[in-house]
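Asks: One structure follows; several queries about it will come next.
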Amino acid sequence: MRGTLVLDSDDNSTSDAPRSILQSALAALGEGRISETVEHFDEHFKFTDHALTLEFTEKTRLTEYFQKSRELFPDTTLEVVRAMESGDHAIAEWKLNATQTIPYGSMSYRFPVSLHGATIARVRNGKLVEWSDFYDQTAARRTSLAAFFTDWIEY
């Protein structure tokens, strides 16, 4: 079964279209409006950050993840480069820019972060039910973020 591919230049999208919902969520996220971003998610969803091997299915944990990300990278900007949809799925290619500040003794070093990535999402009844982020984990410099959400196992 084939779906129709709708690119960002097509004018026939509605606010209920998967692409529109994904773009709205990414815009809110890029501007630090975390609760607005999380409201785009259904009560039953799966959010996966493949670069950090993190998965969330609860809005509380997802909110904590977005808040911690903003705390560690407060100057983050997120630009949607291209978006498309097919059926109930939407794909957005994006560019993220931020600065990582690392304390070292009495000094702090600032490292620029610039990376391209993609989000693939599935929408049902106007809400996000699946979200998968793909990007280069090394370029993202986000291992400190992952550490807050990884359970440590002692042997």
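The values are calculated or read from the model by the stated rules, or taken from the named source; none is laboratory data. Everything numeric in this text was worked out from a predicted model, so none of it was measured. Cβ placement follows ideal geometry from the backbone for every residue including glycine, while neighbour counts extend to all protein chains displayed.
Asks: Hey, among the residues in the range 1-52 that are at pLDDT 95 or above and basic (Lys, Arg), which one's surrounded by the most Cβ atoms within 10 Å (Cβ to Cβ)?
Replies: If we take residues in the range 1-52 being at pLDDT 95 or above and basic (Lys, Arg), then Arg19 is surrounded by the most Cβ atoms within 10 Å (Cβ to Cβ).
Asks: Filter the range 44-61 for residues that are hydrophobic (A, V, I, L, M, F, W, C) and either touching a Pro at 6+ places or on another chain (Cβ under 6 Å) or closer than 17 Å to Arg122 by Cα (or both) and give the result.
Replies: Residues of the range 44-61 hydrophobic (A, V, I, L, M, F, W, C): 45, 47, 51-52, 54, 56.
Hits for the range 44-61 are Phe45, Phe47, Phe56.
Asks: Being touching a Leu at 6+ places or on another chain (Cβ under 8 Å) and farther than 22 Å from Glu79 by Cβ is the filter here, so list the residues in the range 31-47 that pass it. Write out each step before concluding.
Replies: Step one: of the range 31-47, the residues touching a Leu at 6+ places or on another chain (Cβ under 8 Å) are 37-38, 40-42, 45, 47.
Asp42, Phe45 - these are the residues of the range 31-47 that are touching a Leu at 6+ places or on another chain (Cβ under 8 Å) and farther than 22 Å from Glu79 by Cβ.
Asks: Here's a follow-up. Any residue at all in the range 58-65 that is within 15 Å of Leu145 (Cα to Cα), out of contact with any Gly (no Cβ under 6 Å at 6 or more places or on another chain) and basic (Lys, Arg)? Explain how you work it out, then say what you get.
Replies: Filtering the range 58-65 down to residues within 15 Å of Leu145 (Cα to Cα) leaves 61-65.
Pick out the ones that are also out of contact with any Gly (no Cβ under 6 Å at 6 or more places or on another chain) and you get 61-65.
The next check asks that each one be basic (Lys, Arg); those that pass are 61.
Yes, some residue in the range 58-65 is within 15 Å of Leu145 (Cα to Cα), out of contact with any Gly (no Cβ under 6 Å at 6 or more places or on another chain) and basic (Lys, Arg).
Asks: If we only count helices (runs of 4 or more DSSP H) wholly inside the range 56-151, which ones have 2 or more residues that are crowded, with 17+ Cβ neighbours inside 10 Å and out of contact with any Leu (no Cβ under 6 Å at 6 or more places or on another chain)? Give the derivation first.
Replies: Values: elements: 59-72, 137-140, 143-147.
Result: 59-72.
Asks: Between a residue in the range 40-55 that is of a type in the set (Lys, Arg) and any residue that is surrounded by fewer than 19 Cβ atoms within 10 Å (Cβ to Cβ), which pairs come within a Cβ distance under 9 Å, given they are 6 or more apart or on different chains?
Replies: Hits for this filter: Lys46/Glu55; Lys46/Thr57; Lys46/Val129; Lys46/Glu130; Lys46/Ser132.
Asks: Another one. Which residues, taken from the range 12-31, are free of Cβ contacts under 8 Å to residues at least 40 places away in the same chain and under 27 Å from Thr99 (Cβ atoms)?
Replies: Ser24, Ala28, Glu31, listed by residue number.
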